[in-house]
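The next block holds one structure in the form of structure tokens; read it before the comments.
The values are calculated or read from the model by the stated rules, or taken from the named source; none is laboratory data. Predicted model, so just to flag it, every value in this text is computed and none were measured. Note that each Cβ is placed from the backbone with ideal geometry, even for glycine, and that neighbours are counted across all protein chains shown. For accessibility, only protein heavy atoms count, side chains too; no ligands or nucleic acids. Shrake-Rupley method; radii C 1.70, N 1.55, O 1.52, S 1.80 Å.
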Amino acid sequence: MQEGISLFNRKPQKGIEFLVNAKKLGESPEEICTFLKNTPGLDKAMIGDYLGENEELALKVMHSYVDSHNFRGMEFDEAIRTLLLGFRLPGEAQKIDRIMEKFAERYCKCNPKAFTSADTAYVLAYSVILLNTDAHNPTVKTKASRKYPNISNDARCNVV
């Protein structure tokens with residue numbers, strides 16, 4: 001098992017494949033989801049990277065992972081934080097997009113009156129992640145601002 005965890009922490013798909021072939025892990029998305037949620041020693045960044053993959057099994061695992069959360073009655077930001085306790089979002093925008101799209105769908109299913117559509121929840125979720133990254137990631141040199149430098153004062157009041 002330790003060898004599989006170590007391999008997962010370097011190459012997540014190879015680690016999963018190794019553990020399934022060694023019969024240490026079942027091959028269903030639900031079993032892999034449980035492994036990702038409950039196994040100590042897994043690198044949270046690698047869990048996020050795996051969950052964001054656009055490969056059939058990884059997508060099913062990500063869906064199972066998000067669906068395993070009950071966001072009923074939670075505020076939107078609390079639900080995002082709850083989801084992200086178990087993994088670190090990957091750096092690739094497409095991977096974040098897939099995860100946030102599924103999160104929005106699940107949040108709306110748990111809280112049917114919160115948003116008019118899952119698309120609205122998705123846009124908000126993705127925006128929250130982008131703003132959080134902008135505010136807290138030291139590699140972002142030019143931070144977002146409420147100022148509109150290229151807009152005249154007359155037009156500004158219509159934008160805000």
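Table for the structure above
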| quantity | calculated |
| --- | --- |
| Relative contact order, percent, segment 1-127 [alpha-carbon distance under 8 Å, six or more residues apart] | 21 |
| Accessible surface, per residue, of segment 29-112 when the full set of protein chains is kept, probe 1.4 Å, Å² | 49 |
| D (Stokes-Einstein, µm²/s), Kirkwood Cα radius, the chain, 0.692 mPa s at 37 °C | 189 |
| Around Tyr65: net Lys/Arg minus Asp/Glu count, Cβ-Cβ under 14 Å | +1 |
| Cut-off of 10 Å, at most 16 other beta carbons, DSSP loop: longest stretch of the chain lacking such GluC sites (Glu not before Pro) | 93-160 |
| Spin-label model distance (nm) - Asn70 vs Lys141, 7 Å beyond Cα toward Cβ | 4.9 |
| With every protein chain in place, the chain: carbon and sulfur % of accessible area (1.4 Å) | 51 |
| Thr133 versus Lys109: modelled label distance in nm, points set 7 Å from Cα along the beta carbon direction | 2.6 |
| Check: segment 1-102 dipole with +1 on Lys, Arg Cβ and -1 on Asp, Glu Cβ, in debye | 300 |
| Lys23-Glu92 pseudo-label distance in nm [points 7 Å out on the Cα-to-Cβ vector] | 3.4 |
| Added length on full extension, which subtracts the Cα-Cα distance from 0.36 nm per residue, Thr116 to Glu3 | 36.0 nm |
| Kyte-Doolittle mean at least -1.0, axial Cα span of 20 Å or more - DSSP H helices of the chain | 93-110, 118-136 |
